[in-house]
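Working notes for the structure below.
The values are calculated or read from the model by the stated rules, or taken from the named source; none is laboratory data. Quick caveat: nothing in here was measured; it's all calculated off a predicted structure. When we count neighbours, we look across all protein chains shown, and the Cβ atoms used for this are built from the backbone with ideal geometry, even at glycine.
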Amino acid sequence: MRTKLAAIFGLALAVAGCHSPSVNTVQNAQPTGQRSMISDSRVVSDTTLDRRVGVVGLNTAMTAGGFLKVQVELLNRTRSPQNFNYQFQWFDVNGMQIGVSQTAMVGDEIDGAESKFISAIAPTEAAKDFRLKLLLGQ
Amino acid sequence: MKNKILIPIIAAGTALLTGCGTNAHYIQSGGSQSVVSIGQINIQDYMQAADAMTGDLIASGVLSRVPNPPAVLAISRIVNNTGQQIDMDLLTKKIRIGLLQSGKAVTTTTFGLGGTAEDPMAKGIQQENQFKSDQNTTRLPDFTLSGSIIQLAVKAGDTSQSTYSFQLSLTDPKSGLAVWEGEKDITKQGTRSSVGF
């Protein structure tokens, strides 16, 4: 009996030690900043990634210098931290890709149940459109 | 008889092993398949840092505040405070290309640190033209870019972590004031088995 209780107690401690913290958030119920959300088209080939780190929405703005800025809200739908990679691709008014060699693949991490924003600024004023690539991290 | 069977089998096996033995292949520079090493700055780190800081610099609008756009930029000292040898061009060239493509800034190659021009031939031709025209047509830089790369390495048990802090300042040489400051931290972590040379 004592052995069983000790084993259960030890297991409970182990589980508690392995607990991955997830994120609680609090914010203004009526936020001042209003995001200009845009409708998006999604192609999901990695359902595992989509189940873990999902795109909530996209919004855009123009910088003072006339460059397109994109912000994407991601949500970690699990309770444990997830690693992911992302890359923005930019296109001009004719749909031609801009700055192919310059755009970096960025590695990042999102905590459990966290809503996170990633953003990027277009490399030139000629960039009028964009695409975001998301990959599950190692 | 045995040799007639064995030799072709051995030859085929050798060819198979040789053909399957090489796994060298091309990958996207800085892509998701790139090797991540904790003790070194990798190409994807340079790309990420340059991308982030170029975007930040463009968004700040400071490059537009010049009398004759685009702004002229000169590269000043960028200090290496890491434990490895670094060619700063891996960072600065990406920033220069990004700024040039943005149309907001151009970089002078005839003004260099300590008077050393990046392109001595261009400098020589420039001086020749000035001598012949008897006019000083050199456009002095509107801004200088300086900074440092710092490494912070820590270890906890089997886990190693390195943070590379890319820090840049844009200075107006007329006033001597930094008109833009940017910083990008890239942190990498791994266990003992993933740490290697």
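Just checking, does region B:119-133 include any residue being in contact with a Gly (Cβ under 9 Å, 6 or more places away or on another chain) and touching a residue at least 40 places away in the same chain (Cβ under 8 Å)?
No.
Scan region B:52-72 and tell me whether some residue there is surrounded by 15 or more Cβ atoms within 10 Å (Cβ to Cβ) and over 30 Å from B:Leu140 (Cα atoms).
No, that holds for no residue.
Cβ contacts < 9 Å: first residue in a helix (DSSP H, G or I), restricted to region B:186-197; second residue surrounded by 11 or more Cβ atoms within 10 Å (Cβ to Cβ) and at pLDDT 60 or above, any location; separation 6+ or different chain. Result?
Sorted first by the residue in region B:186-197, then by its partner, the pairs are B:Arg192/B:Asp158; B:Arg192/B:Thr159; B:Arg192/B:Ser160; B:Ser193/B:Asp158; B:Ser194/B:Val36; B:Ser194/B:Ser37; B:Ser194/B:Ile38; B:Ser194/B:Ser160.
I'd like the full set of residues that are under 30 Å from B:Val106 (Cβ atoms), crowded, with 17+ Cβ neighbours inside 10 Å and not β-branched (Val, Ile, Thr), limited to region A:106-128.
Listed by number, the residues that qualify are A:Ala120, A:Ala122, A:Pro123, A:Glu125, A:Ala126, A:Ala127.
Give me the pairs: first residue in region A:36-55 and without any contact (Cβ under 8 Å) to a residue 40 or more places away in the chain and more than 20 Å from A:Phe117 (Cβ to Cβ), second residue of a type in the set (D, E, K, R) and outside any loop (DSSP other than H, G, I, E, B), beta-carbon distance under 7 Å, and six or more apart or on different chains, which are they?
Hits for this filter: A:Val44/A:Asp50.
For the structure I just gave you, tell me whether A:Thr124 is closer than 15 Å to A:Met62 by Cβ, part of a loop (DSSP other than H, G, I, E, B) and among the β-branched types (Val, Ile, Thr).
Yes, satisfied.
Of (1) farther than 22 Å from B:Val66 by Cβ; (2) among the β-branched types (Val, Ile, Thr); (3) under 24 Å from the mean Cα position of the chain (by Cα), B:Ile97 satisfies all except one. Which?
Here B:Ile97 clears every test but (1).
Answer yes or no as to whether A:Asp46 is out of contact with any Phe, Trp or Tyr (no Cβ under 9 Å at 6 or more places or on another chain), within 28 Å of B:Val35 (Cα to Cα) and surrounded by 14 or more Cβ atoms within 10 Å (Cβ to Cβ).
no
Take A:Leu68 and decide whether it is within 14 Å of another protein chain (Cβ to nearest Cβ), touching a residue at least 40 places away in the same chain (Cβ under 8 Å) and farther than 21 Å from B:Gly98 by Cα.
Spelling it out, it is not the case that A:Leu68 is within 14 Å of another protein chain (Cβ to nearest Cβ), touching a residue at least 40 places away in the same chain (Cβ under 8 Å) and farther than 21 Å from B:Gly98 by Cα.
Name every residue in region A:24-63 that is part of a loop (DSSP other than H, G, I, E, B), more than 14 Å from chain B (Cβ to nearest Cβ) and under 30 Å from B:Val62 (Cβ atoms), in order of residue number.
A:Pro31, A:Thr32, A:Gly33, A:Gln34, A:Arg35, A:Ser36 - these are the residues of region A:24-63 that are part of a loop (DSSP other than H, G, I, E, B), more than 14 Å from chain B (Cβ to nearest Cβ) and under 30 Å from B:Val62 (Cβ atoms).
Within region B:137-160, can you find the residues that are surrounded by 15 or more Cβ atoms within 10 Å (Cβ to Cβ), over 27 Å from B:Ala71 (Cβ atoms) and over 19 Å from the mean Cα position of the chain (by Cα)?
B:Ser160
Does A:Gly95 qualify as being more than 12 Å from the chain's Cα centre (by Cα), more than 10 Å from chain B (Cβ to nearest Cβ), farther than 21 Å from B:Ser32 by Cα and touching a residue at least 12 places away in the same chain (Cβ under 8 Å)?
Yes; evaluated as a whole, the condition is true for this residue.
Checking B:Leu90 against (1) within 14 Å of chain A (Cβ to nearest Cβ); (2) part of a loop (DSSP other than H, G, I, E, B), which test does it fail?
(2)
Just for region B:73-94: of the residues that are loosely packed, with under 15 Cβ neighbours inside 10 Å and without any contact (Cβ under 8 Å) to a residue 12 or more places away in the chain, which one is nearest to B:Thr171 (Cα to Cα)?
B:Asp89
Could you check region B:35-51 and list, in sequence order, the residues that are within 11 Å of another protein chain (Cβ to nearest Cβ), surrounded by 18 or more Cβ atoms within 10 Å (Cβ to Cβ) and either in contact with a helix residue (DSSP H, G or I) (Cβ under 8 Å, 6 or more places away or on another chain) or assigned to a loop (DSSP other than H, G, I, E, B) (or both)?
Residues satisfying the conditions are B:Tyr46, B:Met47, B:Ala49, B:Ala50, B:Asp51.
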